[in-house]
Amino acid sequence: MRKLLDFLNRPATRGNFFARAVNAAPLQILICLLITAVVVAAAVNEYATNKYLNVGYTPDQPVAFDHSFHAGPDSVLGLDCRYCHNYVDKSSHSNVPTTGTCWNCHSQVKSDSPALALVKKSMETGEAIRWVKVHKVPDYVYFNHAVHVNRGVSCVECHGRIDQQVVVGQQKSLNMSFCLDCHRNPEQFLRPVDKVTDLAYKAASPAAQTADGTKFVHDWKVNPPQSCSGCHR
Amino acid sequence: MTRYLAFLAVAVVATISFLGFQGKTSKDTPVYVFDDMDYQNKYKAQGENALFADGRDARPPVAGTVARGTGLEPAQVFSDDFRRAESLNPSFVTGKDAKAAFLAGFPEKSLKLTKGQPQPYAIDADVLALGQAKYQIYCAVCHGDAGDGNGIMKVRSAIEGDVAIVTIASLQTPLIRSYPNGQLYDVVTNGKNTMMGYGDKLSPEERWAVVAYVRALQLSQNCPPELVPAAVKAQIK
């Protein structure tokens, strides 16, 4: 590099209108532009997608509900996801539970805890608890929970290990290529329907997953849409 | 050039220290630079709505509303002789017969309509499997996997020193065994004592399936010897 610059800045053999340093300018500009392009591309790749903008969104909730305590076979209580999100296998929308669902147990257990004051108030007045929605897809995306859950797509594929989270945050990008990864290769993701809410489930090996998945795709006639209208309308 | 590259390096370091890397947790609502039509001003499930007094998007259905997804054609629904399956076969929904007494057995007709008539209802392996799945999600929390009342609720309430420990019923008691099916269905639907109803979570079909599974659990814990399969008998001895 030094030698090259020396060569470009060598003394002029004839009279020269420009300063010597100008000889190196085109190369220097080119190098700067290239480095800048690489840096900008890296920045766009890092920051301009859902992987940065949405993943990690972990808002405070009005009631500090701890999923890792309540939900999943390894938790203290071992509740199934569907005890609270009971319409997930019947409706396109997976519901946030009613206050009454909390109260099924908490009318008996820890009902006077200050942590549950808002739940108690909601139970008495009928006013909704304003839970903060974490996982969002754009409003022109029509994701149907029931068809996925009833065909062996686990909660964990899109929501991650909610059963290990104290405060729920977004773990997956949920962008379009994320959806298509699975829609193009469903056999890599499908599992037995009774394992859908077992977030720790893993097939015995990648080969077993492919074998199981291929069987499920065939048996359940899984044909995930890849056309625009499959998800957008 | 050196100065420019130094400036660029400072800019990169500043950006990273300010924005961090992917996966950084944040309590701030995600920023959308170009939000296009990502957020549309429309009614959404469980959405908030200032227009209504209760602040909710969701409106309660008008009386007599026919749910979508029942396989009924609009022409059928709007014909003069249309009756909802629930009104044709109310005992499947209420668990009571025409004289408001609890059904002793299972309802004879289901809510499935063929040519406008409810079809026979029978308990088979599929119904029991459905009942087992729903029981283990919704009921086992308190009543335990075997229906003995030793679910996780009892354990936790003992630890927390709350009252639930005395009020969780075992489903294996002679009293509850003696309940007619319709009464079990009624308890699942509307609750009893400290138990709240599960009618909002389970459809009538699922509730009857749960009743069938509870009967199976009761049989499993109190099985007359002549009903035990020979293979299982050999294991016991």
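Right, B:Gly197: touching a residue at least 12 places away in the same chain (Cβ under 8 Å) and in contact with a Ser or Thr (Cβ under 9 Å, 6 or more places away or on another chain) or not?
For B:Gly197, the condition - touching a residue at least 12 places away in the same chain (Cβ under 8 Å) and in contact with a Ser or Thr (Cβ under 9 Å, 6 or more places away or on another chain) - is not met.
Identify the single condition in (1) modelled with pLDDT of 90 or more; (2) within 22 Å of A:Cys105 (Cβ to Cβ) that B:Ser178 does not satisfy, given that it satisfies every other one.
(2)
With the structure loaded, tell me whether B:Val66 is modelled with pLDDT of 80 or more, among the aliphatic types (A, V, I, L, M) and under 27 Å from A:His145 (Cβ atoms) or whether it fails that test.
no
Conditions: (1) under 23 Å from the mean Cα position of the chain (by Cα); (2) part of a loop (DSSP other than H, G, I, E, B). B:Lys112 meets all but one. Number of the miss?
Condition not satisfied by B:Lys112: (2).
Tally the residues that are closer than 28 Å to A:Leu34 by Cβ and surrounded by fewer than 13 Cβ atoms within 10 Å (Cβ to Cβ), restricting the search to the stretch B:17-59.
So the answer is 5.
In the list A:Asn54, A:Asn86, A:Asn50, which residue meets the criterion of being farther than 30 Å from B:Leu19 by Cβ and surrounded by 14 or more Cβ atoms within 10 Å (Cβ to Cβ)? Break it down into steps so the answer makes sense when it comes.
Details: A:Asn54 fails: farther than 30 Å from B:Leu19 by Cβ; A:Asn50 fails: farther than 30 Å from B:Leu19 by Cβ.
Residue meeting the stated conditions: A:Asn86.
Tally time: how many residues in the stretch A:183-209 are in contact (Cβ under 8 Å) with a residue 24 or more places away in the chain, away from chain B (no Cβ under 14 Å) and part of a loop (DSSP other than H, G, I, E, B)? Reasoning before the result, please.
Pass one, the stretch A:183-209, residues in contact (Cβ under 8 Å) with a residue 24 or more places away in the chain: A:183-184, A:186-193, A:195-201.
Add one more test, that the residue is away from chain B (no Cβ under 14 Å), and what stays is A:183-184, A:186-191, A:199-201.
Keeping just the survivors that are part of a loop (DSSP other than H, G, I, E, B) gives A:189-191, A:199-201.
Residues meeting the conditions: 6.
From the list A:Asp74, A:Asp66, A:Asp80, pick out the single residue that is at pLDDT below 85 and within 27 Å of A:Ala115 (Cα to Cα).
It is A:Asp74.
Among the helices (runs of 4 or more DSSP H) lying completely within the stretch A:75-175, list those that include at least 2 residues that are within 12 Å of another protein chain (Cβ to nearest Cβ) and β-branched (Val, Ile, Thr).
A:99-106
List, please: which pairs have Cβ atoms under 8 Å, are six or more places apart or on different chains, and start with a residue in the stretch B:1-23 that is facing chain A (nearest Cβ under 7 Å) and end with one that is loosely packed, with under 10 Cβ neighbours inside 10 Å?
From residues that are facing chain A (nearest Cβ under 7 Å), there are no pairs.
Applying the selection to the stretch A:210-232, what residues are of a type outside the set (Gly, Ala, Ser), part of a helix (DSSP H, G or I) and surrounded by fewer than 17 Cβ atoms within 10 Å (Cβ to Cβ)?
A:Thr210, A:Thr214, A:Lys215, A:His218, A:Asp219, A:Cys228, listed by residue number.
So, of the residues in the stretch A:160-209 that are of a type in the set (D, E, K, R) and over 23 Å from A:His70 (Cβ atoms), which turns out to be surrounded by the most Cβ atoms within 10 Å (Cβ to Cβ)?
By that ranking, first place goes to A:Glu187.
Can you tell me how many residues in the stretch A:46-63 are touching a helix residue (DSSP H, G or I) at 6+ places or on another chain (Cβ under 9 Å) and more than 9 Å from chain B (Cβ to nearest Cβ)?
Total satisfying the criteria: 2.
Got a number for residues in the stretch A:64-74 being under 20 Å from A:Trp103 (Cβ atoms), more than 12 Å from every other protein chain (Cβ to nearest Cβ) and more than 18 Å from the chain's Cα centre (by Cα)?
3
Taking helices (runs of 4 or more DSSP H) that do not extend beyond the stretch A:1-53, which have at least 1 residues that are more than 51 Å from the chain's Cα centre (by Cα)?
A:2-8
Please indicate, with yes or no, whether at least one residue in the stretch B:210-229 is under 15 Å from the mean Cα position of the chain (by Cα), crowded, with 17+ Cβ neighbours inside 10 Å and closer than 22 Å to B:Leu111 by Cα.
Filtering the stretch B:210-229 for residues under 15 Å from the mean Cα position of the chain (by Cα) gives B:210-211.
Now drop any that are not crowded, with 17+ Cβ neighbours inside 10 Å, which leaves B:210-211.
Filter once more, so that each one left must be closer than 22 Å to B:Leu111 by Cα: B:210-211.
Checking the stretch B:210-229: at least one residue is under 15 Å from the mean Cα position of the chain (by Cα), crowded, with 17+ Cβ neighbours inside 10 Å and closer than 22 Å to B:Leu111 by Cα.
Anything in the stretch A:105-150 that is under 25 Å from B:Ala133 (Cβ atoms), polar (S, T, N, Q) and out of contact with any helix residue (DSSP H, G or I) (no Cβ under 8 Å at 6 or more places or on another chain)? List them, or say none.
Correct list: A:Asn144 only.
Can you find, within the stretch A:168-192, the residue that is nearest to the chain's Cα centre (by Cα) among those that are under 14 Å from A:Glu157 (Cβ atoms) and of a type in the set (A, V, I, L, M)?
Among those that are under 14 Å from A:Glu157 (Cβ atoms) and of a type in the set (A, V, I, L, M), it is A:Leu174.
The values are calculated or read from the model by the stated rules, or taken from the named source; none is laboratory data. Everything quoted here is computed from the prediction, not taken from an experiment. Reconstructed Cβ throughout: ideal geometry from the backbone, glycine too, with neighbour counts over all protein chains shown.
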